[in-house]
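In what follows, a structure is listed as structure tokens, so that the remarks can point back to it.
We did not get these values from a lab; they are worked out from the coordinates using the rules stated. What you are looking at is a predicted structure, and each value in this text was computed from that prediction instead of being measured. We place every Cβ from the backbone using ideal geometry, glycine too, and count neighbours over all the protein chains shown.
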Amino acid sequence: MNLDQSFANNPAGQLILLLLEVLVKLRTVVWCVIVCASALAAAQAPGARFDGAWTTTMACEEHGQMPAYNWTFPSVIKDGSFHGQHGEEGGPGYLVIDGPIGGDGGAKLHAKGTVTQSQAHGVFALKGNNYDYNIEAKFTDASGAGTRDKGAGILGRPCSFEFTKQTGAAAAPSPQ
């Protein structure tokens with residue numbers, strides 16, 4: 001009689017064989033869970049690790065008759081996509097920034113908005129006070145920085161952007 005037959009003929013042995021069989025199946029289930037979890041993590045949007053509430057601070061230098069200014073407003077990153085808004089849509093001083101964030105934190109965001117009426121001059125007045133430009137930005141897990149593209153160098157003014165991720169009880173400031 002070999003070892004397997006002695007276990008099969010003995011109630012305690014049968015229990016041991018049953019437990020071994022369960023352990024083998026459990027190992028397979030655990031392996032499947034690990035593989036599936038890895039696949040789900042890989043399927044997540046490339047910039048999704050930056051998801052959450054953020055605060056955007058924008059600082060633009062004086063340009064011609066346009067004075068320098070700073071704005072701070074709430075933003076959000078969801079599924080690796082950035083969205084920030086200052087002011088009410090279509091109103092003076094309105095600005096919206098949108099764009100995807102890559103898995104490495106690199107982003108080319110697009111900004112568009114409406115110039116504050118009292119500050120509209122020259123070409124902006126001819127265009128109905130609307131403007132748009134791109135922002136080259138780089139994000140880390142908790143912060144980011146960016147600059148307005150230079151464009152043709154005719155209309156643009158230097159603007160810098162700082163992004164700060166809100167954590168825990170900290171909340172983004174209300175829109176200004």
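Using the Cβ-Cβ distance between D98 and Q65 with R0 set to 30 Å, the FRET efficiency works out to roughly 0.55.
Amide H contacts of Y94: T114, each under 5 Å away and 5 or more positions distant or on a separate chain (H built 1.01 Å from N in the peptide plane; Pro and chain starts excluded). Using a Förster radius of 35 Å, what is the FRET efficiency between D132 and I34 based on their Cβ-Cβ separation? Nearest 0.05, please. After rounding, the FRET efficiency stands at 0.15. Taking label positions 7 Å along the Cα-Cβ direction at both L26 and S143, the computed distance is 4.7 nm, reported to one decimal. Listed by chain and number, the lysines whose alpha-carbon sits under 28 Å from that of K138, ignoring those within fewer than 8 places in the same chain, are K78, K108, K112, K150, K165.
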